[in-house]
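I have placed the structure first, in the form of structure tokens, so that the comments after it can refer back to it.
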Amino acid sequence: MYIDRQNLFGQNQAVTVSAPSTDHIDCGAARDIGNGTPLEILVLCTETVTAAGAATVQVALQSDDNPSFSSPANLVLSDAIPKASLVAGTELLRVPVPYGCERYLRLNFTIGTPPLTAGRFTSGLVPMRQANTAYPSGYVVA
């Protein structure tokens with residue numbers, strides 16, 4: 001998997017309470033960045049999540065026309081994932097970038113029953129994974 005630093009929302013970001021990603025991506029103009037070479041949003045748990053209570057983590061991809069995100073729109077929203085499922089190496093979210101993005105993109109982490117006592121996440125835009133299966137041709141060339 002290729003990970004480009006310029007396309008990261010956060011690298012090993014510690015999340016204990018609801019918060020936005022440490023970085024945002026400036027697309028340069030409002031555009032449909034899902035056109036052309038397919039991109040996916042990847043949110044990867046890099047440190048196992050722990051909490052005193054029954055915590056959950058939900059991630060939203062947000063878009064806005066300004067870098068302060070004064071009126072963000074949720075483009076993608078994950079399920080509320082329980083802490084027991086969030087071990088290091090787990091992908092919380094991996095979906096294609098939707099159409100209709102404004103200029104700026106970020107992620108927003110919502111923690112249900114906070115705080116988390118541990119948990120780190122790396123997130124960003126990555127090339128769409130090659131997920132096809134190669135099968136034998138079923139014919140012989142003589």
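The values are calculated or read from the model by the stated rules, or taken from the named source; none is laboratory data. Note that this is a predicted model, so its numbers are computed, not measured. Quick reminder, even Gly has a Cβ in these numbers, built from the backbone with ideal geometry, and neighbours come from all protein chains shown.
Do we find that Ser85 is free of Cβ contacts under 8 Å to residues at least 40 places away in the same chain, surrounded by fewer than 17 Cβ atoms within 10 Å (Cβ to Cβ), within 22 Å of Asn12 (Cα to Cα) and of a type in the set (Ser, Thr, Tyr) in this structure?
Yes: the conditions hold for Ser85.
Kindly indicate whether any position in region 31-49 is assigned to a loop (DSSP other than H, G, I, E, B), surrounded by fewer than 13 Cβ atoms within 10 Å (Cβ to Cβ) and within 16 Å of the chain's Cα centre (by Cα).
Yes: region 31-49 contains one or more residues that are assigned to a loop (DSSP other than H, G, I, E, B), surrounded by fewer than 13 Cβ atoms within 10 Å (Cβ to Cβ) and within 16 Å of the chain's Cα centre (by Cα).
Hey, does region 26-43 have a residue that's without any contact (Cβ under 8 Å) to a residue 60 or more places away in the chain and in contact with an Asp or Glu (Cβ under 9 Å, 6 or more places away or on another chain)?
No.
Among the residues of region 50-62 satisfying the criterion of being modelled with pLDDT of 95 or more and small (Gly, Ala, Ser), which is nearest to the chain's Cα centre (by Cα)?
Ala60
Looking only at region 103-129, count how many residues are of a type in the set (Val, Ile, Thr), in a strand (DSSP E or B) and either under 13 Å from the mean Cα position of the chain (by Cα) or farther than 16 Å from Glu47 by Cα (or both).
Qualifying residue count, region 103-129: 3.
Return a yes/no flag: does region 15-24 have any residue that is crowded, with 20+ Cβ neighbours inside 10 Å and either among the hydroxyl-bearing types (Ser, Thr, Tyr) or not in a loop (DSSP other than H, G, I, E, B) (or both).
Within region 15-24, one or more residues are crowded, with 20+ Cβ neighbours inside 10 Å and either among the hydroxyl-bearing types (Ser, Thr, Tyr) or not in a loop (DSSP other than H, G, I, E, B) (or both).
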